[in-house]
There are 2 protein chains.
Amino acid sequence: MPATVKVVLGKSLREANETWAGRVRDKLRTLGTLAVNLMGSPGCGKTTLLCATLQRLRGLAPAMPLYVVEGDPYTTRDAEAVGAQGVPVVQINTRGGCHLDARMVDEALRHLDLKPRGTLFIENIGNLICPGGFDLGEDLRVALLSAPEGNDKPEKYAAMFRRCDAVVLSKMDLCGPTGFDPGLAREAVRRLNPAAAVFSLSARDGTGMGPWTEWLMDRAAAKRSTADPGGV
Amino acid sequence: MPATVKVVLGKSLREANETWAGRVRDKLRTLGTLAVNLMGSPGCGKTTLLCATLQRLRGLAPAMPLYVVEGDPYTTRDAEAVGAQGVPVVQINTRGGCHLDARMVDEALRHLDLKPRGTLFIENIGNLICPGGFDLGEDLRVALLSAPEGNDKPEKYAAMFRRCDAVVLSKMDLCGPTGFDPGLAREAVRRLNPAAAVFSLSARDGTGMGPWTEWLMDRAAAKRSTADPGGV
């Protein structure tokens, strides 16, 4: 979206989105269900990380309900990959749109039979810019940066890395062939966002998946305490 | 940009952009200068391809003027990398904006002392969605897809691959570690856009750079014939 449009139209667009995000947030608070918004470039490994994470969480907390909302401009491949794991999933196709918005997520949640005290993953559209400007009612905003993208990306796409709760440095098994330096990337993230948790991992070979899933488990436990015993 | 905004505002926005794109196109037609719009995800290798291409074109056509307009949300690193090769470059920082528009390019061209019968490269913002919707007055729209992004991306980001003149499958030196299949990617592109030229290359090791630069040289030669002898 060009800067001029943001100035002219940003407020009402954002206001409308905030209203829908509030609806999603209220619903999930009553349920005590954690919502995680996964964002990053096309092909940065969001779906692979998601599938590996679901599998780990299943092992660590077999009773915790898991749900996925999948966003893609076109195709249902990612939803099929997630669905093959037996996790309830709703695919949103934006027909070319560059990010999810809270209205889409609210609509998707109506298609999921949400049980209390679960964890919901929202895989956003592959885009390191636009998704960052739209609150989906999530608890955690997670930005992925994959080794092949390069160390310089946090500074170039600063808005995304400034406004997130965690950064996942993904595809760490490709550091050798790509020359990616996770230490430099971590420092770049720290300069922009000292409070963000930073994880280095490879969802493909499993390296580093432990700290990431433990962090999610901690956050899910904290969120469970918000569940309204009378409302769910 | 969400679909609803496109419906409500798309026309006037696009109309304004088309006016600026027409100005850029007229200017470049008079000069007989080819304009190439490079688009692709963050970290797909646009800058590396650009630097390797400039170097090759310098060798093949030492007399041809070369120019670069660099787009980034923040930082001037890419312009510095290009400038180090001695090619005139203007950096556009969109301050977080998700694509270049023709007004920005028109403005950038005023900062370049354009000689006739050259080639201008415009490196768009790293984003596989939004840049595809904005005509910059270019002759050639080139979409990059890098090996680590995966074979499935042409179908997922179909709008970009349908509306381009060429697709560059980049980072082919990473096919081994990533499992990328250039044959499958090429077929996926062909299904969406049978007319697009498709190149497989590695700008890092030089493999496949020949056909790509020859194609650019052919197009630049054709464009030179449009130069207005009285106007330049």
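A compact table of results
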{"quantity": "Ascending list, in nanometres, of distances separating the residue B:30 label from those of the other copies (7 Å, Cα toward Cβ)", "calculated": "6.4"}
{"quantity": "Per residue convex hull volume, Cα atoms of chain A, in Å³", "calculated": "122"}
{"quantity": "Chain A, helix-only ellipticity at 222 nm - DSSP H runs n ≥ 4, -39,500 (n - 2.57), divided by all residues, nearest 500", "calculated": "-13000 deg cm²/dmol"}
{"quantity": "Accessible surface, 1.4 Å probe, highest first, among residues A:160, A:217", "calculated": "A:217, A:160"}
{"quantity": "Heavy-atom accessible area, 1.4 Å probe, ligands and nucleic acids excluded: residues of the stretch A:112-142 down by at least 50 Å² from chain alone", "calculated": "A:129"}
{"quantity": "Coil-residue trypsin sites (Lys or Arg not before Pro) of the stretch B:68-150, DSSP, other Cβ within 10 Å capped at 16", "calculated": "B:95, B:110"}
{"quantity": "Ranked order, A:19, B:30 - accessible area, probe 1.4 Å, largest first", "calculated": "A:19, B:30"}
{"quantity": "Calculated label separations, residue A:95, copies of the chain, 7 Å along the beta-carbon direction, nm", "calculated": "3.3"}
{"quantity": "Nearest-20 debye value, the protein assembly as shown charge dipole, Cβ charges on Lys, Arg, Asp, Glu", "calculated": "460"}
{"quantity": "Point-charge dipole on Cβ atoms (K/R +1, D/E -1) for the stretch A:85-136, about Cα centre, debye to 20", "calculated": "120"}
{"quantity": "Percent carbon-and-sulfur accessible area, the stretch A:120-232, ignoring ligands, DNA and RNA, probe 1.4 Å", "calculated": "52"}
{"quantity": "Separation of alpha-carbon centers, the stretch A:160-220 and the stretch B:194-232, rounded to whole Å", "calculated": "39"}
{"quantity": "Gap separating the Cα centres of the stretch B:34-95 and the stretch A:102-135, nearest whole Å", "calculated": "37"}
{"quantity": "Amide proton proximity set for residue B:66, modelled H, under 5 Å, gap of 5+", "calculated": "B:119"}
{"quantity": "With all protein chains modelled, accessible area of residue B:12 [1.4 Å, Å²]", "calculated": "70"}
{"quantity": "Accessible-area order (highest first, 1.4 angstrom probe) of the listed residues A:50, A:13", "calculated": "A:13, A:50"}
{"quantity": "Cβ-Cβ FRET estimate between residue B:23 and residue B:95, R0 fixed at 25 Å, reported to 0.05", "calculated": "0.60"}
{"quantity": "Backbone N within the stretch B:75-97 under 12 Å of label point (7 Å from residue B:115 Cα along the Cβ vector)", "calculated": "B:88"}
{"quantity": "For chain A, accessible area per residue (1.4 Å probe, heavy atoms of protein chains only), Å²", "calculated": "38"}
{"quantity": "In nm, spacing of pseudo-spin labels at residue A:181 and residue B:55 (7 Å Cα→C-beta vector)", "calculated": "2.0"}
{"quantity": "Over 24 Å (Cα to Cα) - which of A:156/B:46; A:46/B:156; A:223/B:156; A:27/A:153; A:46/B:153; A:153/B:171 fall in this group", "calculated": "A:223/B:156; A:27/A:153"}
{"quantity": "Interface area, B with A, accessible, probe 1.4 Å, both sides summed, Å² nearest 100", "calculated": "3500"}
{"quantity": "Of all chain A residues, the one whose C-beta is nearest the axis that brings A onto B, in angstrom", "calculated": "A:148, 2"}
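The values are calculated or read from the model by the stated rules, or taken from the named source; none is laboratory data. Remember, it's a predicted structure, so these values are computed and weren't measured experimentally. All Cβ positions, glycine included, derive from the backbone under ideal geometry; neighbour counts span all protein chains shown. Protein only, heavy atoms only, side chains kept; ligands, DNA and RNA dropped before computing areas. Shrake-Rupley method; radii C 1.70, N 1.55, O 1.52, S 1.80 Å.
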